[in-house]
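To start, the structure under review is shown below, and the notes come after it.
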Ligand code: UD1
Ligand code: MG
């Protein structure tokens, strides 16, 4: 990495509402592959180990600030090193343009003497690797200003890079200010700038808002450098996709498709099979071990971890959960904040809710819901059951329609079932209640008292057969 990173200050512009998103949520809090745009930008910035990161906030500043604080505290991205970086948010009360936002940031960085890297908050595919060449060339060329450009097929909406006949940069012209000729230029401004702090201050001081949008454009610092003979250059990025901005939901979705396919391709390269790579939604921080099979319509979110040889038949949503080696989730399961150990068979159509801990070899069948339940090795709950606030001992079998009645309308109570128990179908276990090891419950029982170990609990009205009843009725 470049030698100036100790004196590198990063600024992220994130004060805008994102009007073109047509959303009340600030644009930078929209998500791409599960991570907010601002956090994605923060991750790329942190990878450069800068001295400081200043985020310019404005529209719903408190929400954006909270997200920045979570990141700075190492809560949202535990794998990213934030040690030694000082984070701050500064408020741009009125959003008068990207140049004005940069002025607000520089005012808060009055001590800064090295270089400053300005990033837009709405280019969520940015990576540390895509930024590094800019830092290296900036040092190598002793520039005062350098910025990243990209060659794109469709430049509409972006600022265009206008170059002189000798190839040097002349200026950046915004879409709305473009002449017909300028609009044809396919080299666009990505809005990533690196400058000496001294140059940045000087150039920002010169900005005016006499343009189509009556805004203070950050892009005009390029024109300032040219007019004042300051060494400046545009580096055409080798990874243009990483630098594209999103201003609307459709543009964000297009960027997400790019990233989604990158993620899936990386897992395929690591030995994971996808039934349909176009129809898998794998979050940025998900981990999948080799020899797993990911069926179509699978969504893996948050900090989910899939072990070796796991089979997911498809149409399942798994959030912040771990699935152990060789387990099999049949079609249509919803798993949240849960852990499923090795060699389990789940579903089809099972709902494994927060706090469920399924140990090795557990079998969960169709239309079963578990919540805050510890199911020890080999437990079977095969059909139409609810197991909540419960612990079930090894190898116990809960018959179809077993319900733990955990809620009395005010409080939740626990059901404890020992090992090697057998609960007959359609039984209600009214908590708090305990079944001892090897206890049985007769089908159709409503169990309100503990059942001792090795005993049968049966709580239903006795059957009465009336012989010859039907012929008498006739
Ligand atoms: C900007 C560039 C354009 C470039 C494009 C790349 C300018 C004038 N234009 O256009 O050349 O091609 O990015 O994606 O810079 N923001 C503030 N305060 C403001 C205005 C904006 O913080 O007053 C923030 C926004 O929240 C956003 C970023 O700056 O994160 C960029 O603003 P946006 O309005 O998206 O600029 P573009 O029109 O995309
Ligand atoms: Mg933008």
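The values are calculated or read from the model by the stated rules, or taken from the named source; none is laboratory data. Since the model is a prediction, treat every value here as computed from it, not as a measurement. Cβ coordinates were reconstructed from backbone atoms using ideal geometry, including for glycine residues, and neighbour counts include every protein chain displayed.
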Taking the stretch 389-431 and keeping residues part of a strand (DSSP E or B) and buried (at least 22 other Cβ atoms within 10 Å of the Cβ) leaves 390, 392, 398, 404, 415, 417, 423, 429
When restricted to 116, 152, the only residue surrounded by 24 or more Cβ atoms within 10 Å (Cβ to Cβ) and either closer than 18 Å to residue 218 by Cα or within 16 Å of ligand 2 (Cβ to nearest atom) (or both) is 116
Among 48, 37, the single one that is away from ligand 1 (no atom under 15 Å from the Cβ), in contact with a helix residue (DSSP H, G or I) (Cβ under 9 Å, 6 or more places away or on another chain) and either over 24 Å from residue 145 (Cα atoms) or in the same structural domain as residue 137 (by TED's automatic domain parsing) (or both) is 48
key: Check on residue 297, in contact with a helix residue (DSSP H, G or I) (Cβ under 8 Å, 6 or more places away or on another chain) and surrounded by fewer than 20 Cβ atoms within 10 Å (Cβ to Cβ)   = yes
Counted residues in the stretch 355-385 being under 31 Å from the mean Cα position of the chain (by Cα), part of a strand (DSSP E or B) and either free of Cβ contacts under 8 Å to residues at least 12 places away in the same chain or surrounded by fewer than 23 Cβ atoms within 10 Å (Cβ to Cβ) (or both) come to 8
**Asked** Does residue 27 count as touching a residue at least 40 places away in the same chain (Cβ under 8 Å) and either away from ligand 2 (no atom under 16 Å from the Cβ) or closer than 25 Å to residue 251 by Cβ (or both)?
**Response** yes
Restricting attention to the stretch 130-145, the residues that are within 30 Å of residue 30 (Cα to Cα) and out of contact with any helix residue (DSSP H, G or I) (no Cβ under 8 Å at 6 or more places or on another chain) number exactly 3
Those residues of the stretch 189-248 that are under 30 Å from the mean Cα position of the chain (by Cα) and either farther than 16 Å from residue 148 by Cα or away from ligand 1 (no atom under 11 Å from the Cβ) (or both) come to a total of 11
